[in-house]
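> Here it is: the structure, laid out below.
Coordinate-derived values only; no laboratory data. What you are looking at is a predicted structure, and each value in this text was computed from that prediction instead of being measured. Using ideal geometry, Cβ is built from the backbone for each residue, glycine included, and neighbour counts are taken over all protein chains shown.
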Amino acid sequence: MLLVGGGYAQSTSCAFRTGQYATLLLPVEAFRGLDIRPGDLLQAYTPEGRCAGQVRWNGDNTALALWADDPMTPEKEGFVAGDSLRLVHWRPGRPPRLLQLVLATGRSYWVGVNRYVPDGIYRARHLVPVR
């Protein structure tokens, strides 16, 4: 993924199967009020602008794997502990939209901060477009 002119350019390759990940639960109610349609793509980005997970939304509850950096490679391809989480919404023919992730904190095992925790479980409460 490249940052282009302050915006995002859709990544065609995202980190996956790096050996460790966290899980972001995306219930349908987190999308309320958001112009998102089945088939739209959500991608997670590291602070360096690397895609580290993606899911195509099908209109139902879903989950997004947030892949960690692979310590066996010299380059950083995924998240490391403490990285901020960035979500971008893609739809063909439209510019990408950065989404603010508002996390639920109703369970003791849910991570409630917008920072990467290896093996963490996050639950989105709301997704809000950043203007």
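> Which loop chymotrypsin sites (Phe, Trp or Tyr not before Pro) in the range 91-131, with loop taken from DSSP, have no more than 13 other Cβ atoms within 10 angstrom of their Cβ?
Passing sites in the range 91-131 are TYR109.
> Multiply the residue separation of ASP35 and ARG115 by 0.36 nm, subtract the distance between their alpha-carbon atoms, and state the gained length in nm to one decimal.
The ASP35-ARG115 span can extend by a further 26.3 nm.
> Once the other residues with Cβ under 11 Å from the Cβ of ALA44 are scored (Lys, Arg +1; Asp, Glu -1), what is the net sum?
Result for the local shell: +1.
> Using the basic label-point model (7 angstrom from Cα toward the beta carbon), what is the ASP60 to GLU48 distance in nanometres?
Computed distance between label sites ASP60 and GLU48 equals 3.6 nm.
> Rank ARG37, ARG107, ARG17 by mean-square fluctuation in a GNM of the chain with C-alpha springs under 10 angstrom and give only the top-ranked residue.
ARG107
> Now for a separate question. Can you tell me how the range 38-77 classifies by the Cα gyration tensor, rounded, prolate or oblate, using a/c under 1.5 as the rounded cut?
prolate
> By the gyration tensor of its Cα atoms, with a ≥ b ≥ c the square roots of the eigenvalues, what is the shape of the chain: rounded for a/c under 1.5, prolate for a/b over b/c, or oblate?
oblate
> Which of rounded, prolate, oblate describes the range 88-131, given a ≥ b ≥ c as roots of the alpha-carbon gyration tensor eigenvalues and a/c under 1.5 marking rounded, otherwise prolate only if a/b is larger than b/c?
In terms of gyration-tensor shape, prolate.
> Between PHE16 and VAL102, with labels modelled 7 Å along Cα→Cβ, what's the label distance in nm to one decimal, could you check?
3.1
> Counting only DSSP beta bridges with both residues in the chain, what percent are antiparallel, rounded to the nearest 5?
Among the beta bridges of the chain, antiparallel pairing accounts for roughly 85 percent.
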